[in-house]
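What follows is a set of notes on a single structure, which appears directly below.
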Amino acid sequence: MKVALVCQSLLLSRALKSFLGDLVVPYKQCDFVISDKKIELDKPIFYISSNDGNLIIPFSKSSLLIELDKFFQRLIMFQGNVDDMMPQSKHALDLEKKITVLTEKFREELIQTIRGYYGN
């Protein structure tokens, strides 16, 4: 699940970034958008409001994550792309593993080079 934030409230936007961490991505990469205002977009919108919406303010981190998960599961069911999404997820995981291996190897070589230079 990847989300983009389109919020009028700076406080809400910062709280969501804090709660969601790496789940927050740029708009073009997201599965859906979290917003505190009713807007028209070409992606699904998870609406947060003080009186109606997918999540009511105030909320806790756990209630946010639970409601986001429910929303995302409904999106998957309605889109009917569960089988289509799996190969992409597997491919993305393979790519992540390759990048992790390469960056770890680079980090180790960089540390060895620095230690060799300074004689440690």
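Which residues, taken from segment 49-66, are more than 20 Å from Ile39 (Cα to Cα) and of a type in the set (D, E, K, R)?
The one that is more than 20 Å from Ile39 (Cα to Cα) and of a type in the set (D, E, K, R): Lys61.
Out of segment 11-50, which residues are hydroxyl-bearing (Ser, Thr, Tyr) and under 14 Å from the mean Cα position of the chain (by Cα)?
Ser13, Ser18, Tyr27 - these are the residues of segment 11-50 that are hydroxyl-bearing (Ser, Thr, Tyr) and under 14 Å from the mean Cα position of the chain (by Cα).
Please indicate, with yes or no, whether at least one residue in segment 12-23 is in contact with a Pro (Cβ under 7 Å, 6 or more places away or on another chain) and either of a type outside the set (Ser, Thr, Tyr) or within 28 Å of Glu96 (Cβ to Cβ) (or both).
Scanning segment 12-23, I find no residue that is in contact with a Pro (Cβ under 7 Å, 6 or more places away or on another chain) and either of a type outside the set (Ser, Thr, Tyr) or within 28 Å of Glu96 (Cβ to Cβ) (or both), so the answer is no.
Considering only residues that are surrounded by fewer than 15 Cβ atoms within 10 Å (Cβ to Cβ) and within 15 Å of the chain's Cα centre (by Cα), which ones fall in segment 51-64?
Scanning segment 51-64 gives a single hit, Lys61.
From the set of residues in segment 1-48 that are farther than 22 Å from Ile76 by Cα and hydroxyl-bearing (Ser, Thr, Tyr), which is surrounded by the fewest Cβ atoms within 10 Å (Cβ to Cβ)?
Filtering first and then ranking leaves Ser18.
Determine, yes or no, whether Ser89 is at pLDDT 85 or above, among the small types (Gly, Ala, Ser), open to solvent by less than 70 Å² (accessible area, probe 1.4 Å) and under 19 Å from the mean Cα position of the chain (by Cα).
no
The values are calculated or read from the model by the stated rules, or taken from the named source; none is laboratory data. The structure displayed is predicted, hence computed values, not measured ones. Note that we place each Cβ from the backbone using ideal geometry, even for glycine, and neighbour counts take in every protein chain shown. Please note that ligands, DNA and RNA were not included when accessible areas were found on the heavy atoms of the full protein model with its side chains. Shrake-Rupley method; radii C 1.70, N 1.55, O 1.52, S 1.80 Å.
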